[in-house]
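Structure first, commentary second.
The values are calculated or read from the model by the stated rules, or taken from the named source; none is laboratory data. Keep in mind it's a predicted model, so treat the numbers as computed, not measured. A quick note on method: Cβ atoms are made from the backbone with ideal geometry, for glycine too, and the neighbour counts reach across all protein chains shown. With ligands, DNA and RNA removed, areas are computed over all heavy atoms of the protein, side chains included. Shrake-Rupley method; radii C 1.70, N 1.55, O 1.52, S 1.80 Å.
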Amino acid sequence: MSDAKDLKGKTGLKRLTNAFFYSKDGFLAAYQSEEAFRQEFWLFVLGCIIALTLPISWMQTAALISVLLLLLIVEILNSAIEAAIDRIGPEIHPLSKRAKDMGSCAVLMACFLAAIVWISVLIDWLI
């Protein structure tokens, strides 16, 4: 395991290259260890296919894809919060519970937002 200081101090193209590979590692970690992320990822893929094939405006297509991408982002942040809390220790602490509950609430709110946008666009398309 490398020291955190080994990750600091990179600039330019090397920093961007490192950031890309760290992001890839984060995506793979989320996909491999988080069932909710896997489900939401495949929902995103399916949603993109549907959004791109519907006869709707490009703005509506962008909205449909964006809310699903936002859901993935919020899920990754929630998973990161949970991992950091779990790293601290296995005991149940009120602040740890609060952090995990708030992360979960953020995911639920992102789900509601995605549902509202999808329902609104689909109703507009059907009418």
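Structure values in brief
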read-out	value
Under-28-angstrom lysine pairs by C-alpha in the chain, whenever the two are 8 or more apart or on separate chains	6
Among Val107, Val45, Val74, residue whose mean-square fluctuation peaks in a GNM of the chain (springs only between Cα atoms under 10 Å)	Val45
Cα gyration tensor category, rounded, prolate or oblate, for region 63-127 with a/c compared to 1.5	prolate
Spatial extent of the chain: Rg and Dmax, with the Cα atoms as the point set, Å	18.2, 58
Mean residue ellipticity (222 nm) of the chain, computed from DSSP H runs ≥ 4 via -39,500 (n - 2.57), nearest 500	-29500 deg cm²/dmol
Full-extension gain in nm, Ser33 to Leu126, via 0.36 nm per residue minus C-alpha separation	29.6 nm
Pair Met102, Ile65: separation of 7 Å Cα→Cβ label points (nm)	3.3 nm
Geometric extent, Cα atoms of region 36-102 - Rg, Dmax (angstrom)	16.5, 52
Using a Förster distance of 25 Å, the FRET efficiency for Ala19-Arg87 (Cβ separation, nearest 0.05)	0.70
Nearest-ten-degree value, helix 58-88 long axis tilted from longest Cα axis of the chain	20 degrees
Where the chain is the region considered: accessible area per residue in Å², 1.4 Å probe	72 Å²
DSSP loop trypsin sites (Lys or Arg not before Pro) with at most 16 other Cβ within 10 Å: longest gap in the chain	11-127
Carbon and sulfur %, accessible surface of the chain computed with the full protein complex present, 1.4 Å	71 percent
